[in-house]
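**Q** Take a look at this one; I'll ask things after.
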Amino acid sequence: MPNQKKYWKSEVELNDQSTLADDLAQKEFVQKLPEDLLGNTELPESDTSRRDFLKYMGFSTAAATLAACEGPINTSIPYVVQPEQIIPGIANYYATTLIDGFDTASILIKTREGRPIKVENNPDAPVNNVANARVQASVLSLYDSMRVQGPMQAGVDVSWDTLEANVAQQLMMLAEKGEEVALITPSLASPTTNQIIKDFQAKFSNISHHVYDALSETAALNAFEKAYGKRALPSYDFSKASCIVSVDADFLGDWQGGGYDTGYAKTRVPKGKKGKAEMSKHYQFESNMTLSGANADFRIPTTATEQQFVLAALYGALTNKSYPTSLSKALKAKVSEIATALKAAGKGAVVVTGLQNEDAQRAALAINELLGSDVMDVRQNTSLRQGDASQINQLVNDLNSGKVKGVIMAGVNPAYTLPNADAFIAGLKKADLSLSFSMKNDETAVHCQWVAATPHYLESWGDVEMKMGHYALMQPTIRPLFDTKQFQEVLLKLSGSSQSYDDAIKAYWNANILGGVSFNEALHDGFYVTTNSNRLGYRDNVDALMQRLIRAKSKAGLELHLYTKTGIGDGQQANNPWLQEFPDPISRVTWDNYLTVSKADAEALGLNNVSQSDGALDGSIAEIKLNDIVVKAPVLIQPGQAVGTVGLALGYGKTAGMKSEMQVGTNAYPLYQNFNPVQTVTVTATSDMHEFACTQLQNTLMGRGEIVRETSLEIFNTKDAKYWNSMTQVSRDHEEIDVTSADADMWQAFDRSIGHHFNLSIDLNSCTGCGACVIACHAENNVPVVGKQEIRKSRDMHWLRIDRYYSSQDTFEGDLETVENISGLGDSLSTFNKMEDPSANPQVTFQPVMCQHCNHAPCETVCPVAASSHGRQGQNHMAYNRCVGTRYCANNCPYKVRRFNWFLYNKNDEFDYHMNDDLGRMVLNPDVVVRSRGVMEKCSMCIQMTQKTILDAKLEGREIKDGEFQTACSSACGTGALAFGDINDKDSEVAHLKEDNRMYHLLESIGTKPNVMYQVKVRNT
Amino acid sequence: MFKDSFLAHLPLLLLTLCFSFAVNAQEPDIQKGKSLFNANCAACHKLKKRAVGPALAGVSAKYDKEWLYSWIKNSTAMVKSGDAQAVAIYEEYNGSVMTSFPQLSNEDIDNILAYTDYTPPAPAATAMSAAAPAESGGGFTNDLILAVLMLVLAALVTMLFLVNKTLNKIAAANGVEIIKKEKRKRTPLWKAYAQNPFLVFVTVIFLLLSSAYVGYSYLMQVGIDQGYMPIQPIHYSHKIHSGDNQIECKYCHSSARVSKHSGIPSLNVCMNCHMNIAEYNGEEDLEKGYTKEFYTNEIKKLYKAVGWDESTQSYTGETEPVKWVRIHNLPDFVYFNHAQHVSVAGIDCQKCHGPVEEMEIMYQHSSLTMGWCINCHRETNINVKDNGYYTKIHEELSKKYGVDKLTAAQMGGLECGKCHY
């Protein structure tokens, strides 16, 4: 019998009269839903029930899924009116100039379909024609999604008319009251802007112009003024140098604006007849390990106090006067050795110093005058640094005391870069008018009443006087992306001029500079040179200052040397992921700044570096105390750091106007008291540890001379190449034969004598490790940024890395000897263990390594799907669409140059860098594929560029000349260390380099026959 | 087809007829006038519509003939002399100067004016309907033959049946017994089949193989859009432009000569011609609805996109870029360069894009698969003529391979990295 039992859901059902039960069975809500639900009054009356909704929903989802089976519809939108110069698919190049108060460079900008995508050197320009890593990366800062997109008042968007009218009115009011308004700019060195500011001051007499450089060269400027009567800096031509003495001047880095590596490298390759080859000699006294120190023949770690003594002692030795110092015996001996070398070098000698001490700077000038140095040029002096530290300190006081009532800032960020930023911000808030012309809503802009959005330099007009008589022009390479105006434009308007800034430049140049030469020609070239120069007489008396120098006393505590890193510099481009992920050339650390400490000091202070099991590095966090300022920074033990000194990079720890991923490191500007990079601090260890992301954790070569070959100039000159660049021997039939000979080869030879055969030569002598090639490669090849966590897991994607090796003895030669003298297994174990640690003052070499494009490539033979194959022209091809991601090739590559896409790095919120936003993706090179997840990638020897050269030649029906073939790295290299070309063209530079007796291949003994070759490093020791 | 073109030319024929009489009577020659008009005036004038200059139909009625003679021969002089009518026109057209035609004789001008005054008679409506029903003749006879054959067949079948029936009857009458075969019990075919393991095995293998084949063929065509013919925002007929009007492909797709992209022409390129061609006067395809109005309307879409105001003959500045649907779409990981194929190799556009000059609606002619590319690279010799780049390498390589002419493949055109990077 069926169960007749009825179950009641509620007592309501018992009530026959109630309709509630029926209602509940039909509807979810018995009561009427609130009428204003979602603000839709029609909804409650709608017949559509929830069920219907789900039905439609389900149907449309299914339909959409089905429809998605069809291919997407792509649209192509042509121009309405195509600009004459633009042909889709063909790049245009424009000459322009970068100046941002820190870097200055004459460059070419490659644009595709109107988008700037790459920075190239402008080889025709006579000065500053090489783009360093930051300049190379600056194109990405154009597409920074954190840029200010229009003028703002107190954080609210306004129109330019509102801003201009209000600011003009406020300026008028302040002028009537006679209140001072400060205009703060970085060193502009722009003749037209100077004129515009003068006109602006003529209109508003209460405007005072302050030049503020975040990194001050005040001491050097004052010294030059005392010595020559003009506030400027000398220019240096290191290509004329035969003996260089640098006292804490990182002239291969950012010393006095940088840009000296091109000239320097010219003298660093041994040249001349066989047996009588010559190259310059470079002595470096320094505290931190810098690029200059790493490239020096002799690097002498010293404290700042010792460096002052060195300058005085050098002057004394050269003038036969006695300046008694407390230098150690060894240092005294070194100084007299250097004095002899300087005297011998005569006009080719030069002494430079980076000490922010007027006396030290004057001493260096005096020595150069004494030597009659040709390297230092005071006539064609430069005004790229003009800032006066005392002026800025005064201004901060005046703002707080109410003496200055208004501030207009352009291109500066004092609230971040000033050591007394808090005082500045307090003063800024008191001002009646505060206006910042800025690209970012940065630390300063957020405290200003008005923010005037400025264009990136690639959207701007401008001019620069690089040095006396050397002018350069800046032109826009794209229309402004946002509603921006240059500050010159606004000043012109406020001054009542109807001229635009570009017209003003043109008028000024035609009237004052060009002397009849066409402006368009100068604009096309990007520069113009006149014969202008100063006749300056030396008139300094230095005896008294030498006395002051030798009286210098070191204070108790550690000497902190603040410096700027090759990647981030002064911090302007801190939101640039390319630069954040750029491994520091010396420490190979990415995404961080850190306190560099010598091993001895670290042990004394209880600071340590710990390697994790996966190879990643951790460092203790130290507390750095300067008076009442406390800054915390992780510690990195730095070989070569002078004992008693520590180093910390500026430019990090920025937070305003930055993506959260990019807010890394510690702000060291608070320690930059009185604009002096040398401070006495106390450092204490904390119990916390910091996680570093390094791209290289091996510090030494362990005596493996096959990887980096080097010799001394003396051996190079006196001995046969077989001695210092010996070919590895293998035994065959009990006979020693060269490893490269055909008998030792198990591979079939392929005839590559027809057509092109590309080779890349890397000269270890002229490579300074500057890293411009790394960023150029990033830009050219759409290399993704992977972020700190991934780098820590050794998943970096750089196609080109610059390995840095320290010697574990004092020299690499010593390492080789140690290895040779090993006897027995026990000895080898303990010796090699010791050799892992670099010396306290090691020799350093840089070795750029990219895919070696082996003719007998181990990677090609193991690919199960033939995704990697060899071309006749010598390139190892990588077909991404064919790759299935087995990673066999990476395992089998002896050079470890293959990179795997562990994730999708574009359009992925997990990797919120430039490839994740529409704006950032505009920098991508349309000729190179953006790789996807699960695909192996590596250096292609810029096949898109070699192919372009070939295809152009075919189109024009001509042969290809030497120098036309380039890769991104070789064309970015300012020192000529990287040379690329066709070795089948027997007259080409690279063919000659292949025959050079300095040539060797990396790991020659494994028989991979690479198409990348290296030139033996020769040290002038 | 013939009918259509005949109708289209009917008015012209009538015209010619008229002329043959007219010439005798020393009247102005309308045919001559037409060709003169097309050669000299059509760039700026239309008959019934204002273009750069005024519409010219009935112009002789508006102005005195002598005035027209001197205006056409030298308009500038007339404006300068202050002739009231001349100045009025000059000002109406914003001071644009009409080109002087001193080479035209008065007789020429008479001819032109005769042409501009001429109104073609309305086409004879009778001619239109006359030819209509004649069409289906061929179809009718075919059907008839088929029907007759069917009838014959049916008759034969009936006869056979009847004969059989009669024979059976005779046999029954004569007492002949027709032995009917006794049906033996046999296993049904399907059972026999199912019990034969070999047959089952063969069938299963066959089924597996054929389904694998079908599956593979299906998968291999995924992403191949051969024949893809999307509807474009403007019905642009390559047939009319490239076929009927013989416009060279690279006139519009000019970047194909120098760049990797062939480029979709920007709208200002269209306006080079369409500034003067505001309406379509060519052939129509009534079946598909491609009437003159239809095409003219498409030209209007162009004007809207480019911001061209027909009434004032000027640009308004309001533009709406056209979103063409992309047809030939290579994957991102393929590098293809038009200039190398068009300019260096000298390959016709049609080789890959098919008979574009016959395409009313553009479609993808080739499969654009890698196999298709490779095949061509294997078969095609490189074009070394007068190309300095190839001189040395071709000589050396052809010696190496022992051939007279190298194919693209032998030059390295099959290497992965030549197209994938």
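**Q** Identify all residues within the stretch A:490-526 that are under 30 Å from A:Trp450 (Cα atoms), among the acidic types (Asp, Glu) and more than 30 Å from the chain's Cα centre (by Cα); write none if there are none.
**A** Hit for the stretch A:490-526 is A:Asp503, nothing else.
**Q** Specify which of the listed residues (B:Ala305, B:Ala339) is facing chain A (nearest Cβ under 9 Å), in contact with a helix residue (DSSP H, G or I) (Cβ under 7 Å, 6 or more places away or on another chain), small (Gly, Ala, Ser) and farther than 28 Å from B:His420 by Cα. Spell out the reasoning first.
**A** Working: B:Ala339 fails: farther than 28 Å from B:His420 by Cα.
B:Ala305 is the lone residue from the list that is facing chain A (nearest Cβ under 9 Å), in contact with a helix residue (DSSP H, G or I) (Cβ under 7 Å, 6 or more places away or on another chain), small (Gly, Ala, Ser) and farther than 28 Å from B:His420 by Cα.
**Q** Working carefully through the options A:Ser726, A:Ser687, find the one that is among the hydroxyl-bearing types (Ser, Thr, Tyr) and not assigned by TED's automatic domain parsing to the domain that holds A:Glu581. Reasoning before the result, please.
**A** Working: A:Ser687 fails: not assigned by TED's automatic domain parsing to the domain that holds A:Glu581.
Of the residues listed, the single one that is among the hydroxyl-bearing types (Ser, Thr, Tyr) and not assigned by TED's automatic domain parsing to the domain that holds A:Glu581 is A:Ser726.
**Q** Further question: For the stretch A:264-312, how many residues meet the condition of being closer than 21 Å to A:Gly976 by Cα and under 29 Å from the mean Cα position of the chain (by Cα)?
**A** Step one: of the stretch A:264-312, the residues closer than 21 Å to A:Gly976 by Cα are A:264-273, A:277-282, A:290-297.
Now narrow it down to the ones that are under 29 Å from the mean Cα position of the chain (by Cα): A:264-270, A:279-282, A:290-297.
Matching residues across the stretch A:264-312 total 19.
**Q** Here is a further query. Among residues belonging to the stretch B:289-302 that are assigned to a helix (DSSP H, G or I) and free of Cβ contacts under 8 Å to residues at least 60 places away in the same chain, point out the one that is farthest from the chain's Cα centre (by Cα).
**A** Selected residue: B:Lys300.
**Q** Taking A:Ser726 as the residue in question, decide whether it is assigned to a loop (DSSP other than H, G, I, E, B), over 30 Å from the mean Cα position of the chain (by Cα) and more than 27 Å from A:Pro419 (Cβ to Cβ). Lay out the reasoning, then the answer.
**A** Numbers: assigned to a loop (DSSP other than H, G, I, E, B): yes; over 30 Å from the mean Cα position of the chain (by Cα): yes; more than 27 Å from A:Pro419 (Cβ to Cβ): yes.
Against the criterion (assigned to a loop (DSSP other than H, G, I, E, B), over 30 Å from the mean Cα position of the chain (by Cα) and more than 27 Å from A:Pro419 (Cβ to Cβ)), A:Ser726 qualifies.
**Q** What's the total number of residues in the stretch A:66-85 that are more than 7 Å from chain B (Cβ to nearest Cβ) and either in a helix (DSSP H, G or I) or at pLDDT 90 or above (or both)?
**A** If we filter the stretch A:66-85 for residues that are more than 7 Å from chain B (Cβ to nearest Cβ), which is where we start, we get A:66-70, A:72, A:83-85.
Keeping just the survivors that are either in a helix (DSSP H, G or I) or at pLDDT 90 or above (or both) gives A:66-68.
Residues in the stretch A:66-85 being more than 7 Å from chain B (Cβ to nearest Cβ) and either in a helix (DSSP H, G or I) or at pLDDT 90 or above (or both): 3 in total.
**Q** Anything in the stretch A:955-987 that is more than 14 Å from chain B (Cβ to nearest Cβ), among the polar types (S, T, N, Q) and in contact with a Lys or Arg (Cβ under 9 Å, 6 or more places away or on another chain)? List them, or say none.
**A** Scanning the stretch A:955-987 gives a single hit, A:Thr975.
**Q** Which one is surrounded by the most Cβ atoms within 10 Å (Cβ to Cβ) among residues in the stretch A:877-890 that are free of Cβ contacts under 8 Å to residues at least 40 places away in the same chain and either touching a strand residue (DSSP E or B) at 6+ places or on another chain (Cβ under 7 Å) or more than 8 Å from every other protein chain (Cβ to nearest Cβ) (or both)?
**A** A:Tyr888
**Q** With respect to A:Thr444, is the statement that it is of a type in the set (S, T, N, Q), surrounded by 22 or more Cβ atoms within 10 Å (Cβ to Cβ), assigned by TED's automatic domain parsing to the domain that holds A:Ser205 and over 28 Å from A:Thr162 (Cα atoms) true? Before the answer, list the steps.
**A** Details: of a type in the set (S, T, N, Q): yes; surrounded by 22 or more Cβ atoms within 10 Å (Cβ to Cβ): yes; assigned by TED's automatic domain parsing to the domain that holds A:Ser205: yes; over 28 Å from A:Thr162 (Cα atoms): no.
No.
**Q** Say we look at the stretch B:262-277 and pick out the residues that are over 30 Å from B:Tyr335 (Cβ atoms) and under 20 Å from the mean Cα position of the chain (by Cα); which of these is nearest to the other protein chains (Cβ to nearest Cβ)? Spell out how you get there, then give the answer.
**A** The initial filter retains those residues of the stretch B:262-277 that are over 30 Å from B:Tyr335 (Cβ atoms), namely B:271-277.
Remaining after also requiring under 20 Å from the mean Cα position of the chain (by Cα): B:273-274, B:277.
On the way: B:Cys273: 15, B:His274: 13, B:Ile277: 19 Å.
Per the criteria, the residue is B:His274.
**Q** Which residue out of A:Asn781, A:Asn674, A:Asn759, A:Asn699 is assigned by TED's automatic domain parsing to the domain that holds A:Leu562 and under 30 Å from the mean Cα position of the chain (by Cα)? If you could, list the steps in order and put the result at the bottom.
**A** Values: A:Asn781 fails: assigned by TED's automatic domain parsing to the domain that holds A:Leu562; A:Asn759 fails: assigned by TED's automatic domain parsing to the domain that holds A:Leu562; A:Asn699 fails: assigned by TED's automatic domain parsing to the domain that holds A:Leu562.
Among A:Asn781, A:Asn674, A:Asn759, A:Asn699, only A:Asn674 is assigned by TED's automatic domain parsing to the domain that holds A:Leu562 and under 30 Å from the mean Cα position of the chain (by Cα).
**Q** Need the failing condition index for A:Gly150 against (1) away from chain B (no Cβ under 14 Å); (2) surrounded by fewer than 23 Cβ atoms within 10 Å (Cβ to Cβ); (3) in a strand (DSSP E or B), just the number.
**A** Every condition holds for A:Gly150 apart from (3).
**Q** Within the stretch A:396-512, which helices (runs of 4 or more DSSP H) (wholly inside it) include 2 or more residues that are among the hydroxyl-bearing types (Ser, Thr, Tyr)? Break it down stepwise before answering.
**A** Working: elements: A:414-417, A:421-430, A:487-494, A:501-512.
The qualifying helices (runs of 4 or more DSSP H) are A:414-417, A:501-512.
**Q** On the basis of being of a type outside the set (D, E, K, R), in a loop (DSSP other than H, G, I, E, B) and touching a residue at least 60 places away in the same chain (Cβ under 8 Å), does B:Val342 make the cut?
**A** Numbers: of a type outside the set (D, E, K, R): yes; in a loop (DSSP other than H, G, I, E, B): no; touching a residue at least 60 places away in the same chain (Cβ under 8 Å): yes.
When the stated conditions are applied, B:Val342 does not pass them.
**Q** For the stretch B:233-261, name all the residues that are in a loop (DSSP other than H, G, I, E, B), surrounded by 12 or more Cβ atoms within 10 Å (Cβ to Cβ) and either more than 10 Å from chain A (Cβ to nearest Cβ) or at pLDDT below 90 (or both).
**A** Within the stretch B:233-261, the subset in a loop (DSSP other than H, G, I, E, B) is B:233-237, B:245-248, B:253, B:258-261.
Filter again for surrounded by 12 or more Cβ atoms within 10 Å (Cβ to Cβ), leaving B:233-237, B:245, B:247, B:253, B:258-261.
Matches in the stretch B:233-261: B:Ile234, B:His235, B:Tyr236, B:Ser237, B:Asn245, B:Ile247, B:His253.
**Q** Among the candidates A:Ser613, A:Ser598, A:Ser587, single out the residue that is farther than 26 Å from A:Arg299 by Cβ and either among the polar types (S, T, N, Q) or assigned by TED's automatic domain parsing to the domain that holds A:Leu924 (or both). Outline the logic, then answer.
**A** Details: A:Ser598 fails: farther than 26 Å from A:Arg299 by Cβ; A:Ser587 fails: farther than 26 Å from A:Arg299 by Cβ.
Testing whether each residue is farther than 26 Å from A:Arg299 by Cβ and either among the polar types (S, T, N, Q) or assigned by TED's automatic domain parsing to the domain that holds A:Leu924 (or both) leaves just A:Ser613.
**Q** Just checking, which of B:Lys400, B:Lys418 is within 9 Å of chain A (Cβ to nearest Cβ), outside any loop (DSSP other than H, G, I, E, B) and under 26 Å from A:Met945 (Cβ atoms)?
**A** Values: B:Lys400 fails: under 26 Å from A:Met945 (Cβ atoms).
The match here is B:Lys418.
**Q** I need the full set of residues from the stretch A:660-679 which are surrounded by fewer than 17 Cβ atoms within 10 Å (Cβ to Cβ) and touching a Ser or Thr at 6+ places or on another chain (Cβ under 8 Å), in order please.
**A** Across the stretch A:660-679, the qualifying residue is only A:Gln663.
**Q** Still on this structure, please answer the following. Are any of the residues in the stretch A:319-337 of a type in the set (A, V, I, L, M) and farther than 30 Å from A:Lys599 by Cα?
**A** Initial filter on the stretch A:319-337 (of a type in the set (A, V, I, L, M)): A:327, A:330-331, A:333, A:335.
Now restrict to residues that are farther than 30 Å from A:Lys599 by Cα: none.
No, there is no match, as no residue in the stretch A:319-337 is of a type in the set (A, V, I, L, M) and farther than 30 Å from A:Lys599 by Cα.
**Q** Here's something else I'd like to know. All but one of (1) at negative phi; (2) buried (at least 16 other Cβ atoms within 10 Å of the Cβ); (3) touching a residue at least 24 places away in the same chain (Cβ under 8 Å) hold for A:Pro78; state the number of the condition that does not hold.
**A** Of (1) at negative phi; (2) buried (at least 16 other Cβ atoms within 10 Å of the Cβ); (3) touching a residue at least 24 places away in the same chain (Cβ under 8 Å), only one is false for A:Pro78: (3).
**Q** From B:Thr312, B:Thr369, B:Thr380, which residue is without any contact (Cβ under 8 Å) to a residue 24 or more places away in the chain, more than 7 Å from chain A (Cβ to nearest Cβ) and out of contact with any helix residue (DSSP H, G or I) (no Cβ under 6 Å at 6 or more places or on another chain)?
**A** Values: B:Thr369 fails: without any contact (Cβ under 8 Å) to a residue 24 or more places away in the chain; B:Thr380 fails: without any contact (Cβ under 8 Å) to a residue 24 or more places away in the chain.
Exactly one residue qualifies, and that residue is B:Thr312.
**Q** Could you please let me know if B:Gly412 is small (Gly, Ala, Ser), facing chain A (nearest Cβ under 9 Å) and over 30 Å from B:Glu283 (Cα atoms)? Reasoning before the result, please.
**A** Values: small (Gly, Ala, Ser): yes; facing chain A (nearest Cβ under 9 Å): yes; over 30 Å from B:Glu283 (Cα atoms): yes.
It is true that B:Gly412 is small (Gly, Ala, Ser), facing chain A (nearest Cβ under 9 Å) and over 30 Å from B:Glu283 (Cα atoms).
The values are calculated or read from the model by the stated rules, or taken from the named source; none is laboratory data. It should be emphasised that the depicted structure is a prediction, and the values quoted were computed from it without experimental measurement. Methodologically, a virtual Cβ is constructed for each residue, glycine included, from the backbone with ideal geometry; neighbour enumeration extends over all protein chains shown.
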